[in-house]
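**Q** Attaching a single structure in structure tokens format; questions to follow.
The values are calculated or read from the model by the stated rules, or taken from the named source; none is laboratory data. Not measured: the values here are computed from a predicted model. Note that each Cβ is placed from the backbone with ideal geometry, even for glycine, and that neighbours are counted across all protein chains shown. What goes into the accessible areas is simple: the full protein's heavy atoms, side chains included, and nothing from ligands, DNA or RNA. Shrake-Rupley method; radii C 1.70, N 1.55, O 1.52, S 1.80 Å.
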Amino acid sequence: MPIAEDSRSLKFNFGVTEAAYRNGNATDGVEFAILDLRLEPENQEIFRRLLDPMNVVSDQGLQNMEIDLTASGEGELILLTRPGPNGNTSWDWSYWGNVTIE
């Protein structure tokens, strides 16, 4: 996802679909991460969150987030999803939504 030079914030929502943890389905969680490629490699990860809706009720449903983009200049963001702590991708039905850069 490209970033314009004057961009100051990233707004988005994300989550794990209800079908991934209901009716006998059992996700072990999904990790969401965002990398800002304008930064030095060791500091590129600007967001990371593990959603574990089977065990943490507040991880169920739509999650909303806003991140300050403090680095300057044009560049690129990478939005990633990774399997939960057991490395199992079964039932990891997840999404990013309404991603806007202002």
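**Q** So what's the projected area for the chain, the Cα convex hull averaged over all directions, in nm²?
**A** Details: hull surface 26.1 nm².
Quarter of the Cα hull surface area: 6.5 nm².
**Q** Per residue, how much accessible surface does region 1-47 expose to a 1.4 Å probe? Answer in Å², no decimals.
**A** Working: 2260 Å² over 47 residues.
With all protein chains present, region 1-47 gives 48 Å² per residue.
**Q** Here's another thing I want to ask about it. Measure off 7 Å from each Cα along the Cα-to-Cβ vector at Glu18 and Met1, then give the distance between these two points in nanometres to one decimal.
**A** With each label placed 7 Å out from Cα toward Cβ, I get 2.5 nm.
**Q** On to the next question. With r as the distance between the Cβ atoms of Asn25 and Asp68 and R0 = 35 Å, compute the FRET efficiency 1/(1 + (r/R0)^6) and round to 0.05. Could you put the intermediate results ahead of the total?
**A** Values: r = 36 Å, r/R0 = 1.02.
Given R0 = 35 Å and the Cβ-Cβ separation, E is 0.50.
**Q** Quick one: go through region 68-102 and flag any residue whose amide nitrogen is under 15 Å from the point 7 Å out along the Cα-to-Cβ line of Lys11.
**A** In region 68-102, the label zone of Lys11 (backbone N under 15 Å from the point 7 Å along Cα→Cβ) covers 68-69, 97-102.
**Q** Then there is this: Taking all protein chains as present, what is the carbon and sulfur share of the accessible area of the chain, in % to the nearest whole number, probe 1.4 Å? Present the calculation step by step, with values, prior to reporting the outcome.
**A** Working: 2720 of 5860 Å².
Carbon and sulfur together cover 46 percent of it.
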